Amino acid sequence: MEEGGMSKEAVESLLQEKKLEDLSYERILSSMCTYPHEIAVYAHAMFLESNLGDSGLFPGTKEMENKVIRMIGALLGKEDAAGYISTGGTESNIQAIRAIRNRKRKEGLRDMNIIVPESAHFSFDKIADLLSIEVRKASLDEELRMDVNSVERLIDDQTIGVVGIAGTTEFGQIDPIKELSEIIMERDLFLFVDAAFGGFVIPFLEERYEFDFSLEGVRAISVDPHKMGMSTIPAGCLLFSEESYLEELAVPTPYLTTKEQCSLTGTRSGASAAATYAVLKYLGREGLKRIVGECMRLTRILVSGAKQIGISPVIEPVMNVVALRFPETEVGRVTRALGERRWRVSVTRKPKALRLVIMPHVDEETIHLFLEELEDIVYVV
Ligand code: 0PR
């Protein structure tokens with residue numbers, strides 16, 4: 001830090017310089033984030049100083065948070081779900097598992113475990129570490145969905161819950177949530193659905209999938225407004241089927257305007273809560289459906305274009321995530337060559353494939369350009 005500070009112009013020019021070093025989203029096909037909607041940006045700027053960590057000072061923001069919870073709850077089959085706006089999928093995952101861990105600990109259980117699919121996001125590795133519980137990984141079927149038989153084999157007396165993913169990070173696949181719901185109902189376990197990505201996609205797909213609170217066994221769902229919800233970062237949303245689960249997370253906050261706090265973080269962005277409220281109000285279900293519809297249209301163009309140049313997807317895409325199959329020795333070279341042409345793509349773990357996420361910042365021209373360059377790279381000798 002300089003002793004006397006700098007002029008506003010000098011700082012602005014420093015910022016401009018750094019902004020230019022960042023990538024713009026145009027050729028990013030590896031991200032689950034996108035440009036926030038302009039109405040979200042407007043709301044975010046308006047509520048910048050608002051802190052939901054002491055929500056009694058910001059009752060207007062708190063009211064917006066409550067309304068967001070109701071709107072997303074209604075979208076996911078339970079208007080009166082209880083929850084809060086978190087910093088994103090990782091916090092929501094930690095908190096969902098912490099809630100059930102706390103409940104079971106009160107009941108005297110020790111050495112607990114949960115079962116997640118092999119395809120689970122790496123935040124579950126953080127959970128194992130933070131919450132001192134074992135995270136068991138169930139294998140996947142041929143379509144890369146959680147294998148229900150493998151889940152049943154892994155369940156024992158120390159199991160407290162099962163996690164299904166609705167929109168896996170790498171393949172955009174949906175686990176068999178209905179079957180998982182049946183399994184856990186027989187055994188009185190907790191079923192948590194990580195729909196961080198899929199929560200704002202699946203309700204708007206042409207094909208219908210059962211994955212939300214309309215299934216009796218589903219006790220909690222995570223969905224991120226800062227992914228397909230077009231909101232600003234940081235905005236996740238954790239919902240429980242019953243208020244009592246949220247209460248498992250409560251910590252007394254003696255000198256604040258509220259009596260207790262259930263979030264993981266203390267100070268918490270009211271700006272991204274306002275942004276989420278604004279964008280959901282503005283777009284409505286029809287607006288969100290239009291966005292998902294366009295992403296899916298482009299996904300289909302991408303997949304059929306790839307097939308025409310002899311590259312097939314690992315699974316037929318369920319949502320706007322595509323994994324293209326390459327020989328294991330090729331995928332690194334293709335990724336590097338695409339990178340040299342300023343494309344940002346990623347590589348899946350198992351099976352190794354070229355992963356592309358078709359977010360709302362991608363347009364049709366970009367898809368055609370990408371396919372042309374991919375063809376060039378693939379057929380270079
Ligand atoms: N659950 C699922 C199914 C996810 O896909 C993700 C993140 C999370 C939980 C964790 O969410 P947060 O990152 O909000 O805590 N999936 C993306 C990923 O790890 C996140 C991402 C977004 C990565 C933008 C890169 C990027 O540029 O791939």
Kindly indicate the residue of segment 21-55 that is among the small types (G, A, S) and out of contact with any helix residue (DSSP H, G or I) (no Cβ under 8 Å at 6 or more places or on another chain) and also least open to solvent (accessible area, probe 1.4 Å) among those meeting that condition.
G53
Go through K18, K67, K78 for me and flag whichever is open to solvent by 60 Å² or more (accessible area, probe 1.4 Å) and either more than 27 Å from V362 (Cβ to Cβ) or within 13 Å of the ligand (Cβ to nearest atom) (or both).
K67
I need the full set of residues from segment 308-325 which are touching a strand residue (DSSP E or B) at 6+ places or on another chain (Cβ under 8 Å) and either open to solvent by 70 Å² or more (accessible area, probe 1.4 Å) or outside the structural domain of V292 (by TED's automatic domain parsing) (or both), in order please.
R325
Failed item, numbered, when R268 is tested on (1) open to solvent by 30 Å² or more (accessible area, probe 1.4 Å); (2) in contact (Cβ under 8 Å) with a residue 24 or more places away in the chain:
(1)
Checking the condition hydroxyl-bearing (S, T, Y), touching a helix residue (DSSP H, G or I) at 6+ places or on another chain (Cβ under 7 Å) and touching a residue at least 60 places away in the same chain (Cβ under 8 Å), which residue from S123, S86, S139 passes?
S86
Out of all the residues in segment 223-234, which are within 11 Å of the ligand (Cβ to nearest atom) and under 20 Å from K289 (Cβ atoms)?
V223, D224, P225, H226, K227, M228
Identify the residue in segment 106-125 that is surrounded by 14 or more Cβ atoms within 10 Å (Cβ to Cβ) and part of a helix (DSSP H, G or I) and, among all such residues, is nearest to the ligand (Cβ to nearest atom).
S123
Please determine, by comparing only the residues of segment 203-227 that are in contact with a strand residue (DSSP E or B) (Cβ under 6 Å, 6 or more places away or on another chain) and of a type in the set (A, V, I, L, M), which one is nearest to R101 (Cα to Cα).
A220
Residues (in contact with a Leu (Cβ under 9 Å, 6 or more places away or on another chain) and within 12 Å of the ligand (Cβ to nearest atom)) located in segment 176-197:
V193, A195
Taking segment 157-166 and keeping only residues that are part of a loop (DSSP other than H, G, I, E, B) and buried (at least 17 other Cβ atoms within 10 Å of the Cβ), one is left with none
Would you be able to say whether some residue in segment 203-222 is near the ligand (Cβ under 10 Å from one of its atoms) and open to solvent by 10 Å² or more (accessible area, probe 1.4 Å)?
no
Kindly indicate whether any position in segment 88-99 is more than 16 Å from the ligand (Cβ to nearest atom), assigned by TED's automatic domain parsing to the domain that holds D157, open to solvent by 10 Å² or more (accessible area, probe 1.4 Å) and not acidic (D, E).
no
Restricting to segment 126-156, give me the number of residues that are assigned to a loop (DSSP other than H, G, I, E, B), more than 14 Å from the ligand (Cβ to nearest atom) and open to solvent by less than 50 Å² (accessible area, probe 1.4 Å).
4
Selection within segment 346-381 - among the aromatic types (F, W, Y) and open to solvent by 30 Å² or more (accessible area, probe 1.4 Å):
Y379
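The values are calculated or read from the model by the stated rules, or taken from the named source; none is laboratory data. Since the structure is predicted, the reported quantities are computational estimates derived from the model, not experimental observations. Neighbour counts run over all protein chains shown; Cβ positions are idealised from the backbone, glycine included. Side chains included, ligands, DNA and RNA excluded: accessible areas come from the protein's heavy atoms. Shrake-Rupley method; radii C 1.70, N 1.55, O 1.52, S 1.80 Å.
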